[in-house]
């Protein structure tokens, strides 16, 4: 929690305080993926085989898949195809991707999410918010208001087209 911006899912991953942590996770996961592929093929496989204009980026993008999408468990088709070209076995490719995404998930939890939770718990304690208060059921009278926002459906549709394209073509 940086207290400089409203904490949202997006901000957690793009917060300047987490940028070096995410960059480190990207670097290590790419190295691990390269090692996993090399262990399962006799073909030459290098970093250039993993080059892509967006999947190793930790910037927010509306229509392209980025590393944050991989953290969420979305695997670009490009990645599957590149690995499968080298190992020539769908099952082995899936196992490699599973190990790759599992490591990313664990690293993201360890280096970004858990430290954020620890800070949040300390913050709640300073505000005297107990577990009992957090678990208390809200009635309609005391339920916090939900801020509604308008959604431009045309924008959503364009974003979905880009996402579907990225899923199909990397």
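Observations on the structure shown:
- Modelled FRET efficiency - R0 25 Å, residue 113 with residue 85, Cβ distances, 0.05 increments: 0.15
- When you restrict to C-alpha pairs under 8 Å that are six or more residues apart and normalise by the size of the stretch 9-138, the relative contact order lands at 26 percent.
- With the simple spin-label model, which puts each label point 7 Å out from Cα in the Cβ direction, the residue 30 to residue 59 separation comes to 1.5 nm.
- Euclidean distance of C-alpha centroids, the stretch 32-64 and the stretch 116-136, integer Å: 39
- Förster radius 22 Å - calculated FRET efficiency between residue 20 and residue 130, Cβ distance, rounded to 0.05: 0.05
- For peptides 72-84, 16-28, sequence by mean Cβ density within 10 Å, most packed first: 72-84, 16-28
Values in this text are rule-based calculations from the coordinates and carry no lab data. Nothing here was measured: the structure is a model prediction, and the numbers come from that model. With ideal geometry, Cβ positions are generated from the backbone for all residues, glycine too; neighbour counts draw on all protein chains shown.
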